[in-house]
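Notes follow the structure.
The values are calculated or read from the model by the stated rules, or taken from the named source; none is laboratory data. The shown structure was predicted, so the numbers you read here are calculated from the model rather than taken from an experiment. Cβ atoms come from the backbone with ideal geometry, glycine included; neighbour counts cover every protein chain shown.
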Amino acid sequence: MINIENVSMKFNLGIEAGSLKETFIALFDKKRRINKEKNEFWALKNISFNVEKGEVVGIIGSNGAGKSTLLKVISGVMKPTSGKVEVAGVISPMIELGAGFDPELTARENIYLNGAVLGYSKDFIDKKFNEIVEFSELKDFLEVPVKNFSSGMTAKLAFSIATIVNPEILIVDEILSVGDIKFQEKSKNKMMSMINGGTTVLFVSHSLESIKELCTKVVWIEHGEIIEIGNSEEICDKYLKYQLNN
């Protein structure tokens, strides 16, 4: 269902990348060319693995390992520097919850705005509006501008909108840490219902217990490279030992 083949992703740190001005200056400025090369950072290096339909695959690694970048490449948010990603199915990415919100608009208005960003029609949102509000637990704050929301409230609203349908492929980045403990449990139950319904899931989390509980397979990456792929229990235990020894 998802095929990632030799995917690499390069960033230029602190340099205006790819502009006409930057290209022109670099032609005549050797020092600038050297500095640009020094500032090149490979977030992903030749990543390859497959995800079958209905699989729940965890992605683990240290901070800065390249996990979120990998999810963005798979989701189509970023285009890889090299390699290819083939996806058979509609993706629902939950990577940066609330990224599509307008802070000046109310929660009510942002439900329709974010729904449109996710490709939902107004009629569909009308039908699902009460369900979204009930799940988000924000009924008393519908007319409040989102700029006045806490980060937890914003994430609750975004999660509630993003999960009103069961997507074919769900891409999740640390979503089970959203909101308070009660809402985290609701989020986990919602995700479990999607998994049980046959949704294919890619799940990034620092919670090894959540990874072990939810995932059938784990991809461990460090410094943009795959360390190992395999059984969730086995790989998580190896990763934990690695963390404790570093």
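Odds and ends about this structure:
- Positions within segment 108-147 being surrounded by 13 or more Cβ atoms within 10 Å (Cβ to Cβ) and among the charged types (D, E, K, R), in sequence order: 108, 109, 128, 137
- Every condition in (1) within 29 Å of residue 211 (Cα to Cα); (2) of a type in the set (Asp, Glu); (3) assigned to a helix (DSSP H, G or I) holds for residue 126 except the one numbered (1).
- Qualifying residue in segment 151-172 (condition: at pLDDT below 95, among the aromatic types (Phe, Trp, Tyr), touching a strand residue (DSSP E or B) at 6+ places or on another chain (Cβ under 9 Å) and closer than 28 Å to residue 57 by Cα): yes
- Candidates 233, 131, filtered to the one that is assigned to a helix (DSSP H, G or I), among the charged types (D, E, K, R), modelled with pLDDT of 90 or more and assigned by TED's automatic domain parsing to the domain that holds residue 45: 233
- Qualifying residue in segment 109-128 (condition: in contact (Cβ under 8 Å) with a residue 40 or more places away in the chain, touching a strand residue (DSSP E or B) at 6+ places or on another chain (Cβ under 6 Å) and among the aliphatic types (A, V, I, L, M)): no
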